[in-house]
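S.K.: Sending over a structure as C-alpha cells; questions will come in a sec.
The values are calculated or read from the model by the stated rules, or taken from the named source; none is laboratory data. A quick note: this is a predicted structure, and the numbers were derived from the prediction, not measured. Positions of Cβ are backbone-derived with ideal geometry, glycine not excepted, and every protein chain shown enters the neighbour counts.
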C-alpha cells in the first residue's frame, strides 16, 4: 500500500503536469490568434499604403494660367504635405481619357474634341500622409491659377482612417493576448513553486542563491512557451502556403494581394517563437521572484 507522502507526491506531480499542459495549450491558442492578427495587420498595412499611394489630388489649371506652369508647380511643391508633383498637359489628359475605352467606335465619338480640347492642364499631387490629403487639397485650391481640385471625397479619407483604426485594434489585441499568456504561465509556475517549497527551503538552508533557485523555474517557463509555439508555427507555415496556393496570391481583387510565403512565413515563425519564449521567460521570472521576496 502506498504511503500518504508518496501518494501526495504522485498527486502533486500529476497536478503539476496537468497545469503545465493547460499552460502549453493556452499559449498555443494565444499564439494562433496572434499569428492570425499579425498576418491580417501586416496585409492591412500594405493595403492601406497601397491605397494612400494611389490617392492623388487632381489640380486643374485654369485656361488663363496655362503658361504659369513653373510658378504653380513651385507653389505646390513648397507645401509641407506634398510628396510628389506630376504635370500633364491637356493633350496628355485627352490621350489618357481615350485610353480608358477599348471600343474603337466609342473612341471615335470623342475624336472631334482633339482639336478643340475642352480638358485642362493638370497637376497630380501625392501627399506624404493620406490623412493630410483633405487639408492639402484645400491649400492647393487656394493657389492662383488652380480652378478646381479633387481627391476622391470624404469617403476616401474615411476608408484610410478606418483601416488605421483596425490596425491599432489588432496591435492592442496582440498585446492583451500576450499579457494573458504571461498570466497563465505565471500561475502554473506559482503552483510548481508551492509544490516544491520544501525543496526551495532546503536549497536556501544550504546557501543556494536566489539566481540558482530561480534558474530551473525560468527554464521551465521558457520550455512551456517554446512548446506552446510549435503548433502555431506549423499551422502558420503550412496554412499560409495552402491559402496562397489556393488563391494564387489574390484575395477578392488585385488590390488585395498576399505576400509571397517565402520568407514571410519564416519571419512569422521567428516572431511567434520569440513571443512564446519571452512570454514563458517573463511569466516564470515574475512568479518565482515574487515568491522569493515573499519568503525572504
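S.K.: Just to be sure before I move on: is residue 39 modelled with pLDDT of 75 or more, out of contact with any helix residue (DSSP H, G or I) (no Cβ under 6 Å at 6 or more places or on another chain) and either over 30 Å from residue 172 (Cα atoms) or in the same structural domain as residue 259 (by TED's automatic domain parsing) (or both) in the structure I sent?
M.R.: Values: modelled with pLDDT of 75 or more: yes; out of contact with any helix residue (DSSP H, G or I) (no Cβ under 6 Å at 6 or more places or on another chain): yes; either over 30 Å from residue 172 (Cα atoms) or in the same structural domain as residue 259 (by TED's automatic domain parsing) (or both): yes.
Yes; evaluated as a whole, the condition is true for this residue.
S.K.: For the stretch 63-82, what are the residues that are more than 13 Å from residue 140 (Cα to Cα) and surrounded by 15 or more Cβ atoms within 10 Å (Cβ to Cβ)?
M.R.: If the condition is that a residue be more than 13 Å from residue 140 (Cα to Cα) and surrounded by 15 or more Cβ atoms within 10 Å (Cβ to Cβ), then 65, 68, 69 are the ones that fit.
S.K.: Okay, next question. Would you call residue 44 at pLDDT below 75 and either surrounded by 15 or more Cβ atoms within 10 Å (Cβ to Cβ) or assigned to a loop (DSSP other than H, G, I, E, B) (or both)?
M.R.: On the way: at pLDDT below 75: no; either surrounded by 15 or more Cβ atoms within 10 Å (Cβ to Cβ) or assigned to a loop (DSSP other than H, G, I, E, B) (or both): yes.
When the stated conditions are applied, residue 44 does not pass them.
S.K.: Then there's this: Working only within the stretch 269-296, note down all residues that are modelled with pLDDT of 85 or more and out of contact with any helix residue (DSSP H, G or I) (no Cβ under 8 Å at 6 or more places or on another chain).
M.R.: Correct list: 270, 274.
S.K.: Further question on the same structure: Restricting to the stretch 95-123, and then to whatever is touching a helix residue (DSSP H, G or I) at 6+ places or on another chain (Cβ under 7 Å) and assigned to a loop (DSSP other than H, G, I, E, B), can you tell me which residue is modelled with the lowest pLDDT?
M.R.: For the stretch 95-123, the residue satisfying everything is 101.
S.K.: Going residue by residue through the stretch 93-109, is there one that turns out to be under 19 Å from residue 145 (Cα atoms) and surrounded by 13 or more Cβ atoms within 10 Å (Cβ to Cβ)?
M.R.: Quick first cut of the stretch 93-109, residues under 19 Å from residue 145 (Cα atoms) only: 93.
Narrowing further to those that are surrounded by 13 or more Cβ atoms within 10 Å (Cβ to Cβ): 93.
Checked the stretch 93-109: at least one residue is under 19 Å from residue 145 (Cα atoms) and surrounded by 13 or more Cβ atoms within 10 Å (Cβ to Cβ).
Residue by residue, here is whether (1) in the same structural domain as residue 178 (by TED's automatic domain parsing); (2) closer than 30 Å to residue 41 by Cβ; (3) without any contact (Cβ under 8 Å) to a residue 60 or more places away in the chain; (4) under 17 Å from the mean Cα position of the chain (by Cα) holds:
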position	(1), (2), (3), (4)
218	yes, no, no, no
223	yes, yes, yes, no
227	yes, yes, no, no
239	yes, yes, yes, no
249	yes, yes, yes, no
266	yes, yes, yes, yes
269	yes, yes, yes, yes
273	yes, yes, yes, no
285	yes, yes, no, no
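S.K.: Counting just the residues of the stretch 239-268 that are surrounded by 11 or more Cβ atoms within 10 Å (Cβ to Cβ) and assigned to a strand (DSSP E or B), which one comes out modelled with the lowest pLDDT?
M.R.: Looking at the filtered set, the residue picked out is 255.
S.K.: So residue 80 fits all but one of (1) part of a helix (DSSP H, G or I); (2) at pLDDT 85 or above; what number is the exception?
M.R.: The failed condition is (1).
S.K.: If you go through the stretch 124-145 one residue at a time, how many are farther than 16 Å from residue 49 by Cα and in a loop (DSSP other than H, G, I, E, B)?
M.R.: Count: 4.
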